[in-house]
Structure formats: structure tokens, C-alpha cells
1. Which of the following residues is assigned to a strand (DSSP E or B), free of Cβ contacts under 8 Å to residues at least 40 places away in the same chain and in contact with a strand residue (DSSP E or B) (Cβ under 8 Å, 6 or more places away or on another chain): Arg290, Arg322?
2. When the residues of the range 1-47 are narrowed to those that are under 16 Å from Cys138 (Cα atoms) and in a loop (DSSP other than H, G, I, E, B), which ends up least open to solvent (accessible area, probe 1.4 Å)?
3. Residues that are charged (D, E, K, R) and surrounded by fewer than 19 Cβ atoms within 10 Å (Cβ to Cβ): find the strands (runs of 3 or more DSSP E) completely inside the range 63-156 holding 1 or more of those.
4. Within the range 229-263, which residues are over 23 Å from Arg355 (Cβ atoms), open to solvent by 10 Å² or more (accessible area, probe 1.4 Å) and part of a helix (DSSP H, G or I)?
5. Only one of these conditions is not met by Glu41: (1) at pLDDT 95 or above; (2) closer than 22 Å to Ile122 by Cα. Which number is it?
6. Evaluate the range 98-107: report whether one residue or more is hydroxyl-bearing (Ser, Thr, Tyr) and under 21 Å from the mean Cα position of the chain (by Cα).
7. I'd like the residue in the range 201-210 that is over 13 Å from the mean Cα position of the chain (by Cα) and not hydrophobic (A, V, I, L, M, F, W, C) and, out of all such residues, is modelled with the lowest pLDDT.
8. Across the range 273-316, what is the total count of residues that are open to solvent by 60 Å² or more (accessible area, probe 1.4 Å) and among the hydrophobic types (A, V, I, L, M, F, W, C)?
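The values are calculated or read from the model by the stated rules, or taken from the named source; none is laboratory data. These numbers come from a predicted model, not from an experiment. Virtual Cβ from ideal backbone geometry, glycine too; neighbours counted across all protein chains shown. Only protein heavy atoms, including side chains, enter the accessible area calculation; ligands, DNA and RNA are left aside. Shrake-Rupley method; radii C 1.70, N 1.55, O 1.52, S 1.80 Å.
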Amino acid sequence: MSIAEKIRQIAGEARQASLAMARLSTAAKNDMLLKMADALEAEAPGIIAENAKDLETGRRNGLSSAMLDRLMLDGKRIAAMSAALREVAALPDPVGEITGMRKRPNDLMVGKMRIPLGVIGIIYEARPNVTADAAALCLKAGNAVILRGGSEAIHSNVAIASILNRVMAEMGIPPAALAVLPFTEREGVLEMLKQEESIDLIIPRGGESLIRFVSENSRIPVIKHYKGVCHVFVDVTADFDKAEKIVVNAKVQRPGVCNALETLLIHRDVAAAFIPRIAATLEGLGVELRGDEEFLRYAPSATLATEEDWHAEYLELILACRVVTDMDAAIDHINRYGSLHTEAIVTSDYSRAQRFIREVNSSCVLVNASTRFADGGQLGLGAEIGISTTKLHSFGPMGLEDLTTTKFIVYGDGQVRG
């Protein structure tokens, strides 16, 4: 069987399995997720052994340290995957929720019921935890899911999915509702993107080139974000201790993720006091600083930033830094160069914080907190399926409710339309 034929078969079986998933009770779905969480922890050594094969291949192929960090699984990260499944199990089930019931002048009762989307295709790169996260959210929302991970994580993804599939089979739930494509060839992605009769939505997760490729080739609706050019603005009223902790955490904790800080904006009136302090701290942590001319006045060891730096998603220990004259300039910079992902302000002034929230064009805006909190788990969604910056259907980190849609429901008493 060719790759195209196999993918058509997988998609068709997922479509049938999605009908069974939509009928599952909340209790059954929660029980499934809890058993999946237990199974992942019980079989952690086997997952780590398969992950080691991917890491070795990645090193041979010259993956960056940031990419290898995304790829690596250990006992702690597998425990985190299991915890995410348990968190999703504990979340309210959106399926079947009825909202907006109202009586019309014709005496009809009209409302909306939340229902699963159907079959969701996830295309992602070197983060095997996405396999468990995506499965948990899609299945809890009553959907079937087809996962196509990157070739660099093929052993890890197959190992995780096999464990989850076994739990489903033991519970009498169609394993076809959770499929991992075993093909690493790009042909597999192209064929998956043609299955508009079986797949309802595509969500790509990964680098900008992957997401653009998916968007340009898909016959199926795509929810996406291209990159995370995230900003922190240190306002004139900022507490420097808070600002330093926030900037360091946002840039250094995990520089290879999309909610890491990429551009630091500093109000001109605090530049002389704050820049030497933050520059010394960041450079001591191995961060390369690229600043505008005014930033370099206070951090002479930094290099001069170019126009490309304001657009850059480095995903490394590199930070673009700019001194801005006021909040207007900070907001203008973010709205010009940002990617609608995540922005933060450090300020002690409530009204200025509120203005920043209102005027910054982004899917997640934080006050006095690190951009690293732009994450479904941290925002109370359980594990996230991805981040959308498209504004249609969903905007920002996507959780359970974003994997459903609504249909109109109408109650009558024999009415006919004249």
C-alpha cells in the first residue's frame, strides 16, 4: 500500500471513529485519560529508551541545543505529560453545553449546543510531549485526532501513541480515534492536507517554515501562528527587582520555545538606571545582547541591532533591546514588529497597565509577569493544543473549548413558517 493510500485509509477510519468519540460520556473519557496517564508513567523507561534513539539521530544531524532540549524526554517530563492528562481529565467537559436559550416572538426556543469538531490533524516538530497533550485535548473534546510528528521524534511519538492506543483498545474505544502517521516523508504531510472529506481542521505546531508550508498546501482550514516575537516593556514606574526577574525568566528559562522573550523595550526615563543592571545579569547568563544606539550607551558590550533583529524569533540566548521614548513608542513598536503572540509590561501604575492591555494587538497580554505564562497549562486550560494568532475561531492558547464548535438547537410546539 502506498503512502497516499495508507493516509486515506487512516483518515477514513478516523472519521468513523470520531462518531464513536462524540457519543462517549464524560465519565468514560475521563477514565480513559487517567488510565493513559498511569500507563505513561508505568512505561517511562521504554519511552526514554526510544527517545534516546531520536536524540542520538538528532546529534548526528546537527540539531541545535535548543532543538535537542525540545526533543528530550526524561522521567520528570514524562511525569509532566501524565500530570497534563490528569489535568485535562479534571477539566469540565464542554461537549453538550447549551448556551443562549431564548424565546423568539414565534414562540420557538433557540439556543446553541457545543459539539466536537470531528477529526483534527496535528502537524508538529520536535516536541514529543505534544503527542500526549494533543491526544488528551482532542479526545476529551470528543474528537478523533491524526498526529504527524517530525522525523526527529518518530521513535518517541510512536512509543507514546502505542501506549495510549493500547489503553483505548482495552476500554473498547476505537484506537483509530488516535493515529500517529508512521511516515517521515513530506509526501505524507501533503497527502494528509488533501483529506478534506475526512479531516475537519489542521493545527500545525513548529517553526515558521513548517507552518507556512502547511498553510500554503492545505485544502483543510488551518489554525496557526507563524512565530513568537514576544516583548517585555519595562515602564517608567517599573519595580526593577520584578523587572529583572521577569526578563531573566522570559529569556533564559527555555529560550527555544515560542513564548520566550525576544525583544526587550525600556522606557527612556529609566534606561540609565536599569540597563546596566539587566545587561550585566543577562550577559552573565550567556545572553547575547543586540541593542539600538541608545541602549549601547549604557551597555557598550552589546552589538548594534539591525532592522532584522526587531522581526527576529531567535529561539536562542539572543535578545534584541530598544530604548523607547514613552508608552506610545513601546506600543507602536509591538504593533509593528510583534507576531500577535505574547507581550508583557512591567509597571506599578494601574492605569498604564490597563492602557497597555487595551492597545497592544496580541493574543495574550500580561502585567508584571513573564511571557512564559502564555501557556495553556498555566492559564488553566490543561495541556494546550497550540496557539492561534489568526483571530478566527480561536485567538491565543487553545484548550478544550477551542476544539469544539456549536450548532443551533430549536425547540418548537408545532410551529410552521408562513
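1. Going through Arg290, Arg322 in turn, the sole match is Arg290.
2. Leu24
3. Fully inside the range 63-156 and qualifying: 98-103, 109-116.
4. Once the filter is applied, which keeps residues that are over 23 Å from Arg355 (Cβ atoms), open to solvent by 10 Å² or more (accessible area, probe 1.4 Å) and part of a helix (DSSP H, G or I), the range 229-263 yields Asp241, Glu244, Lys245, Val248, Asn249, Val252.
5. (2)
6. Quick first cut of the range 98-107, residues hydroxyl-bearing (Ser, Thr, Tyr) only: 99.
If we keep only those that are under 21 Å from the mean Cα position of the chain (by Cα) too, we end up with none.
No, the range 98-107 contains no residue that is hydroxyl-bearing (Ser, Thr, Tyr) and under 21 Å from the mean Cα position of the chain (by Cα).
7. Within the range 201-210, the match that is modelled with the lowest pLDDT is Glu208.
8. 4
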